[in-house]
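K.L.:
Just dropping this structure here.
Laboratory data are not the source of any read-out in this text; all were calculated from the coordinates shown. Being a predicted model, the structure only gives us computed values, none of them experimental. In this analysis, Cβ positions are derived from the backbone assuming ideal geometry, glycine residues included, and neighbour counts consider all displayed protein chains.
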Amino acid sequence: MTVLITGGAGFIGSHVIRLFVEKYLDYEIINLDNLTYAGNLENLRDIEARPNYTFIKGDVNDALFIDKLFQRYKFDGVIHLAAESHVDRSIKDPLAFVKTNVIGTINLLNACKNSWNDDFENKRFYHISTDEVYGTLGQTGLFSETTPYDPNSPYSASKASSDHFVRAYGETYNLPYVITNCSNNYGENQFPEKLIPLFINNIIHNKPLPVYGDGNYTRDWLYVQDHAVAIDLVYHKGVNAETYNIGGFNEWKNIDLVKLLCKQMDTKLFRKEGSSEDLITYVKDRPGHDLRYAIDASKIKDKLGWEPSVTFEEGLEKTIEWYLDNKVWLNNVTSGQYQSYYENHYNN
Ligand code: NAD
Ligand code: TYD
């Protein structure tokens, strides 16, 4: 079995690659990633020399290159994670999200269609998507697999569009596919522009914690290694043309999450209780900010037996410990270009 995993040098992709490389010794795992600011081969140092693993630097937007890659490797399956993934960046540059998330996905779908040439036995295109395609919830209710799509940000609109193309290739060309829509992930290797690692980094450096709006926005948080386990399960056991929602049944208002993070950080850094909370600063809200995401993950539990393995408190503690143990990683990824992104975004 030769499996193409795209975006494997990024946050979630690196955990999926490690799980597959360590678990499936007889598979050939190809990691295709063009190493944007969010991709980092440091995330995979421990497994890069494994005989069942190959890294290829390449762009999903380059259709010719993708076709050649498929001719060379004859992939049995694709797990597609490569994407532009940050909502704030999508507000500044929507077209970059259309290119990678929509056109990049279509390039891969075309390559599968051409390479598999109607012989779909044991073939599968697995598209990794987000709960943000469903738009926003009010104070109650949960997203299920049948919730209508209603994306509000350029990021979620691009992911919704790519989901539709995957389904359309299934309907039109019988391409075997499966889609999962997951809630907010947190854990090791996440680029520190997203809420949790950004705030960990800022607490380490005693910098303000920029909470958007009133902080009463709600997200459903899942530990990244639990997501990787779900991806393994869906890739091997999921039913073609089905969607599965993945989430932690773990809703937190941003401000409550930030307070818990501050408390855990004070303990880990031997700081006076309450000192990190003093860094909380309310800043201008994100335009089009979705009020609440929450996943009903009962389908994947009932059909495939998946459940999160850690509580949020445990996962958050592991995450904080990892960032504190990997300060060189953190300094490397936040130096250079990221500094100007940060200043531009938070000073405007
Ligand atoms: P990430 O930004 O950390 O990583 C994305 C990876 O894709 C990087 O390694 C990057 O170099 C690579 N990439 C970007 N553009 C590329 C291109 N044109 N060609 C090849 N590689 C390219 O993202 P992530 O948080 O790991 O998310 C992975 C996937 O999971 C995305 O599709 C995202 O929409 C989805 N997702 C993320 C979350 C979350 O909370 N992070 C939740 C649900 C779904
Ligand atoms: P984020 O990690 O960007 O994920 P997403 O937008 O995909 O949910 O943001 C999580 C929540 O935290 C979201 O409600 C926006 C909020 N947030 C802040 O309050 N301040 C910040 O600096 C960032 C990056 C996010």
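K.L.:
Nearest-5 percent of antiparallel DSSP beta bridges in the chain?
P.N.:
If I count the DSSP bridges inside the chain, around 10 percent turn out antiparallel.
K.L.:
Out of the stretch 18-81, which GluC sites (Glu not before Pro) are coil in DSSP terms and have no more than 15 other C-beta atoms within 10 Å? Please report the intermediate quantities before stating the final value.
P.N.:
Values: sites: Glu22, Glu28, Glu42, Glu48; in loops: Glu48.
Of the GluC sites (Glu not before Pro), the ones in loops of the stretch 18-81 whose Cβ has at most 15 other Cβ atoms within 10 Å are Glu48.
K.L.:
Still on this structure: Given a cut-off of under 8 Å on Cα pairs at least six residues apart, what relative contact order in percent is computed for the chain? Before the final figure, lay out the partial values.
P.N.:
Working: 627 pairs, mean separation 59.1, N = 348.
Averaging sequence separation for qualifying contacts and normalising by length gives 17 percent for the chain.
K.L.:
Expressed in nm to one decimal, what extension gain is obtained for the pair Glu121 and Asp88 from 0.36 nm per residue of sequence separation less their Cα-Cα distance? Spell out each step's value before the answer.
P.N.:
Working: separation 33, 0.36 × 33 = 11.88 nm, distance 4.05 nm.
Going from the current span to full extension adds 7.8 nm.
K.L.:
Oh, and also: Explain nothing, just compute: Karplus ³J(HN,Hα) = 6.51 cos²θ - 1.76 cosθ + 1.60, θ = phi - 60°, for every residue of the stretch 284-293 in order, whole Hz, x for Gly and Pro.
P.N.:
Computed from phi, the couplings for the stretch 284-293 are 3, 6, 6, x, x, 5, 5, 5, 8, 10 Hz.
K.L.:
So, one more: Quick query: amide H of Asp150 versus all other amide H atoms, modeled in the peptide plane; which residues come in under 5 Å with a sequence gap of 5 or more or a different chain?
P.N.:
So Asp150 has HN proximity to Tyr134, Gly135.
K.L.:
Which of the pairs Lys207/Lys284; Lys23/Lys159; Lys194/Lys284; Lys57/Lys99; Lys259/Lys301; Lys194/Lys318 have their Cα atoms more than 22 Å apart in this structure? Let's see the in-between values first.
P.N.:
On the way: Lys207/Lys284 17 Å; Lys23/Lys159 29 Å; Lys194/Lys284 16 Å; Lys57/Lys99 18 Å; Lys259/Lys301 30 Å; Lys194/Lys318 17 Å.
From the list (Lys207/Lys284; Lys23/Lys159; Lys194/Lys284; Lys57/Lys99; Lys259/Lys301; Lys194/Lys318), the Cα-Cα distance tops 22 Å for Lys23/Lys159; Lys259/Lys301.
K.L.:
Let me ask something additional. State the extension gain, in nm to one decimal, for the chain segment bounded by Leu25 and Arg72, taking 0.36 nm per residue of separation less the distance between their alpha-carbons.
P.N.:
Working: separation 47, 0.36 × 47 = 16.92 nm, distance 2.08 nm.
Here the answer is 14.8 nm.
K.L.:
Quick one: putting +1 on the C-beta of Lys and Arg, -1 on the C-beta of Asp and Glu, what dipole do you get for the stretch 228-310 around its Cα centre, in Debye to the nearest 20? Before the final figure, lay out each step's value.
P.N.:
On the way: 13 positive and 13 negative charges, 26 e Å.
Here the stretch 228-310 has a charge dipole of around 120 debye.
K.L.:
Roughly how many nanometres apart are two label points built 7 Å out from the Cα toward the Cβ at Glu313 and Glu273?
P.N.:
Using points 7 Å along Cα→Cβ, the separation is 1.4 nm.
K.L.:
Additional query: How much length is gained on full extension from His289 to Leu35, taking 0.36 nm per residue of separation minus their Cα-Cα distance? Can you show the working numbers first?
P.N.:
On the way: separation 254, 0.36 × 254 = 91.44 nm, distance 2.81 nm.
Full extension of this stretch gives 88.6 nm more.
K.L.:
Also, I was wondering about something else. Taking neighbour counts of Cβ atoms within 10 Å as a proxy for exposure, in what order, fewest first, do Ser156, Ser161 appear?
P.N.:
Numbers: Ser156 26, Ser161 20.
Ranked by crowding around the Cβ, least crowded first: Ser161, Ser156.
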